[in-house]
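The values are calculated or read from the model by the stated rules, or taken from the named source; none is laboratory data. Being a predicted model, the structure only gives us computed values, none of them experimental. Cβ: placed from backbone, ideal geometry, glycine included. Neighbour counts: every protein chain shown.
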Amino acid sequence: MSYLEGKYNYVIVAVIALLSWWLVKLTVIDSMSSREGVAHSADYFSSGYTKWEMAKTGELKTKLLADKMLHYKDDGTIHLDKPVMSFYNAKAPPWVIQSETGIVSADGKTVFLNGKAVVDRAKAEGVSPVTINTSNLKVNPETSYAETADWAELISSPQRTTGTGMKLVYVEPIRVELLAKVRGKYETK
């Protein structure tokens with residue numbers, strides 16, 4: 001092998017090494033940019049979303065409506081626009097909870113209702129109407145429980161009670177607890 005042929009071999013090896021380095025660099029940049037785009041993007045969605053859950057006896061137990069639903073594969077959460085949740089009970093009108101936006105946890109056990117939230121139960125025979133105005137409500141449908149650390153206003157005409165922080169159990173026995181700075185306006189007969 002001549003001196004010149006040996007130099008060409010070194011040049012060819014150097015070019016191959018340079019091309020290999022460039023391809024690895026290109027692949028790493030491409031994979032990083034594709035991960036950034038997929039990091040938290042919806043894998044499916046629905047406009048006019050409705051979900052029903054039935055009790056073991058066949059009656060409607062819960063209903064969830066939303067203007068828009070987005071499911072995120074990376075964390076398994078469901079994001080909702082203008083969700084309305086209804087919780088049914090054979091003995092009384094349903095509890096209806098609505099908010100501006102919501103997030104359902106990946107396991108479906110917790111619903112975070114963000115922004116202004118309103119909890120309503122209509123009047124019926126032997127049942128007083130109730131309206132609760134609050135925000136940033138955390139709801140656990142399995143245990144029929146809701147809570148917030150924010151300001152809350154409980155209206156059951158003619159009474160009105162306000163406070164900071166609230167715990168609500170919306171099955172019998174119904175219990176509403178305002179946690180701090182509680183003020184009330186009550187009418188007596």
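Tabulated results
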{"quantity": "Positions within the range 111-135 being among the polar types (S, T, N, Q) and surrounded by fewer than 15 Cβ atoms within 10 Å (Cβ to Cβ), in sequence order", "calculated": "SER128"}
{"quantity": "Subset of the range 86-98 that is under 17 Å from ILE132 (Cβ atoms) and at pLDDT 90 or above - its residue that is surrounded by the most Cβ atoms within 10 Å (Cβ to Cβ)", "calculated": "ILE97"}
{"quantity": "Candidates VAL171, VAL176, filtered to the one that is modelled with pLDDT under 90, in the same structural domain as ALA90 (by TED's automatic domain parsing) and part of a strand (DSSP E or B)", "calculated": "VAL176"}
{"quantity": "The one condition in (1) farther than 30 Å from MET166 by Cα; (2) in contact with a Gly (Cβ under 9 Å, 6 or more places away or on another chain) that VAL111 fails to fulfil", "calculated": "(1)"}
{"quantity": "Test result for THR110, among the polar types (S, T, N, Q), under 20 Å from ASP67 (Cα atoms) and in contact (Cβ under 8 Å) with a residue 24 or more places away in the chain", "calculated": "yes"}
{"quantity": "Strands (runs of 3 or more DSSP E) within the range 41-108 that include 3 or more residues farther than 23 Å from VAL176 by Cα, touching an Asp or Glu at 6+ places or on another chain (Cβ under 7 Å) and not acidic (Asp, Glu)", "calculated": "60-72"}
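Quick grid of which residues meet (1) of a type outside the set (Gly, Ala, Ser); (2) modelled with pLDDT of 80 or more:
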| residue | (1), (2) |
| --- | --- |
| LEU4 | yes, no |
| TYR8 | yes, no |
| ALA17 | no, yes |
| PHE45 | yes, yes |
| GLY48 | no, yes |
| THR62 | yes, yes |
| HIS71 | yes, yes |
| VAL84 | yes, yes |
